[in-house]
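Report on the following structure.
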Amino acid sequence: FINGQYSGTTPRTFHEQPVGSYTIEISRDDFVPETKEVEVVAGKTTSVQAKLIQQMTGRGTLIVRTEPMGAAIYIDGNFRGHAPIVIKDVPAGQRRIRLELAGKPPYETAVAIRDGERTKLPYTW
């Protein structure tokens, strides 16, 4: 997808794409979609690569604690609450986690969520 519009399957080459910013989403059944922001510049080739992570079946729990407290928690780009928090019913598999706290640089990582298990994610800025 390019800016929300279906654009075909990969690998794919687009010629004479207008200059500007684009949101690219690469997805496949049973895999976690990946979204990238790209800038197309006149006279230059812009490449986008993605390594999709396979989804697993089942659900687990993610426990997030941050120091200082209050960080916004995003799982696969979706806001889920503020730390400290216990997030139940998280789909099993590799999840992209982003922690945001005012005045601090964002922290991003991947965690493995396993069916029926509790995964802890402590983070200190």
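The values are calculated or read from the model by the stated rules, or taken from the named source; none is laboratory data. The model shown is predicted, which means the values in this text are computed figures rather than measured ones. Virtual Cβ from ideal backbone geometry, glycine too; neighbours counted across all protein chains shown. Side chains included, ligands, DNA and RNA excluded: accessible areas come from the protein's heavy atoms. Shrake-Rupley method; radii C 1.70, N 1.55, O 1.52, S 1.80 Å.
Structure summary
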| quantity | calculated |
| --- | --- |
| Of all residues in segment 28-60 being polar (S, T, N, Q) and within 14 Å of Gly93 (Cβ to Cβ), the one that is modelled with the lowest pLDDT | Gln55 |
| Neighbours by Cβ (under 6 Å, 6+ apart or cross-chain): first from segment 92-111, modelled with pLDDT under 95 and of a type in the set (D, E, K, R); second open to solvent by less than 30 Å² (accessible area, probe 1.4 Å) and not in a loop (DSSP other than H, G, I, E, B) | Arg95/Ile75; Arg95/Val111; Arg95/Ile113 |
| Pairs where the first residue, in segment 24-44, is open to solvent by 90 Å² or more (accessible area, probe 1.4 Å) and the second is aliphatic (A, V, I, L, M) and in a loop (DSSP other than H, G, I, E, B), C-beta under 7 Å, 6+ apart | Arg28/Leu52 |
| Verdict on Tyr74 being within 26 Å of Gln5 (Cβ to Cβ), modelled with pLDDT of 95 or more and under 13 Å from the mean Cα position of the chain (by Cα) | yes |
| Selection within segment 86-101 - crowded, with 16+ Cβ neighbours inside 10 Å and either among the polar types (S, T, N, Q) or touching a Leu at 6+ places or on another chain (Cβ under 9 Å) (or both) | Ile87, Val90, Gln94, Arg95, Ile97, Leu99 |
